[in-house]
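The structure appears right after this line, and notes come after that.
The values are calculated or read from the model by the stated rules, or taken from the named source; none is laboratory data. Every value quoted in this text rests on a predicted model; they were computed, and no experiment measured them. Ideal geometry is used to build each Cβ from the backbone, glycine not excepted, and the neighbour counts take in all protein chains shown. Side chains are part of the model used for accessible areas, which takes the heavy atoms of the whole protein and leaves out ligands, DNA and RNA. Shrake-Rupley method; radii C 1.70, N 1.55, O 1.52, S 1.80 Å.
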Amino acid sequence: FPYLTYNPLSHYHTGGILAAALDTCTLPYRTRSDAVLMTDLTDNLNYSGRKVASLSARLPFPVTLDGSLAASLSQFMPAPDLVSLCPGMRKPGRTYMQSVVLRGVPPNRICIPDPTTHADSIFRDCRSANECLKCYLQCVYPGTLNAGTIVNDPLTVTTPFPHLFCSEITHDGLVGLKPRSAIQGVESVPVMTSLCSPSGLQDSLTKLHREVEKLDIRRFHRYLDAGLEEDDFAETVESLRRLARTYQSNDDQMAEDDTDDDDD
């Protein structure tokens, strides 16, 4: 997070970042207008048996005082610079489905490029923030099932939210031209989140499976005393391995097949 100064060992700081991301990514089914059902979102994320999602965020989403939404999105070509909040996932890989939420961009910053002077801009035919976000997602994720949501209200970051923002961030969350006064705090910020189902989760789940597979459940007799059967535990471990494979991309599958052929 380039505009945050936080201590990763502080539960107060990391809890604030996680809360901001969760509050934002759940807006599609919590807003009163044009709300989607939570079940619809989870059904799409669970396609092909995938039951785990990854959450990424950009806090704050950078919009300059003299810039625009289109200019900000153009900074993140060919890929968005979102920070993954999912432990153990270094590279997202292919994204199968995602729900992207962008909130808090001021109405006066939703400036559409003049098509006569920006003929090469992907946003030249856009006339609203929703169209800008949709165009951006189609360009960056052409093979992904994308769901984009624009919310006008920014994220409120007054007390008790931790003071994490650099002096470049103005009181209303924009990237300023000069440092903010030391006696002035940040009241609200724009945020972008992505709740997605990426192939990169295969590595995280595979690592988890390897660690769980090492456990000898017989050493934890209280679980057995409570009724857990060893066969049931073994089946759960195996189901975790199968779950990891549901996130395998075609390229990963081809690489694995080539490795198997070489071994033969």
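Return the sequence-ordered ³J(HN,Hα) values of the range 14-26 in whole Hz as given by the Karplus equation 6.51 cos²θ - 1.76 cosθ + 1.60 applied to θ = phi - 60°, using x for Gly and Pro.
With the stated coefficients, the range 14-26 comes to 5, x, x, 5, 5, 5, 4, 5, 5, 4, 7, 5, 8 Hz.
How many Å² of accessible area per residue for the range 1-148, probe 1.4 Å?
Result: 55 Å² per residue.
At 7 Å along the Cα-to-beta-carbon direction for both LEU215 and ASN108, put a label point, then send me their distance in nm to one decimal.
Going by the 7 Å Cα→Cβ label model, 5.6 nm.
Below 24 Å Cα-Cα, how many Lys pairs turn up in the chain? Only count pairs eight or more apart in sequence, or on different chains, if you could.
The number of close lysine pairs in the chain is 5.
Just name one of VAL191, PHE165, LEU208: the one whose Cα is farthest towards the positive end of the charge dipole of the chain (beta-carbon charges, Lys/Arg +1, Asp/Glu -1).
The listed residue farthest towards the positive side: PHE165.
Which length gain, in nm to one decimal place, applies between ASP231 and THR42 when the Cα-Cα distance is subtracted from 0.36 nm times their residue separation?
Additional length available on full extension: 65.1 nm.
Would you give the gap between the C-alpha center of the range 160-195 and the C-alpha center of the range 1-71, rounded to a whole Å?
17 Å
Place a +1 charge on the Cβ of each Lys and Arg in the range 83-187 and a -1 charge on the Cβ of each Asp and Glu, then give the dipole magnitude about the Cα centre in debye, rounded to the nearest 20.
Result for the range 83-187 is approximately 360 debye, rounded to the nearest 20.
How do TYR96, TYR136, TYR29, TYR47 rank by accessible surface area computed with a 1.4 Å probe, from largest to smallest? Let's see the in-between values first.
Working: TYR96 30, TYR136 5, TYR29 65, TYR47 155 Å².
Largest to smallest exposure gives the sequence TYR47, TYR29, TYR96, TYR136.
Give the relative contact order (percent, whole number) for the chain; include only Cα pairs under 8 Å separated by 6+ residues.
26 percent
If the viscosity is 0.890 mPa s and the temperature 25 °C, what translational diffusion coefficient in µm²/s does Stokes-Einstein give for the range 1-148 when Rh comes from Kirkwood over Cα pairs?
145 µm²/s
If amide H atoms are built 1.01 Å from N in the plane of the peptide, which residues on other chains or at least 5 residues away come under 5 Å of the amide H of PHE165?
So PHE165 has HN proximity to THR5.
What percentage of the solvent-accessible surface of the chain, computed with a 1.4 Å probe over protein heavy atoms, is contributed by carbon and sulfur atoms?
The nonpolar share, carbon plus sulfur, comes to 52 percent.
Take each of the peptides 57-69, 166-178, 213-225, 235-247, average the number of other beta-carbon atoms within 10 Å over its residues, and list them starting from the highest.
57-69, 166-178, 235-247, 213-225
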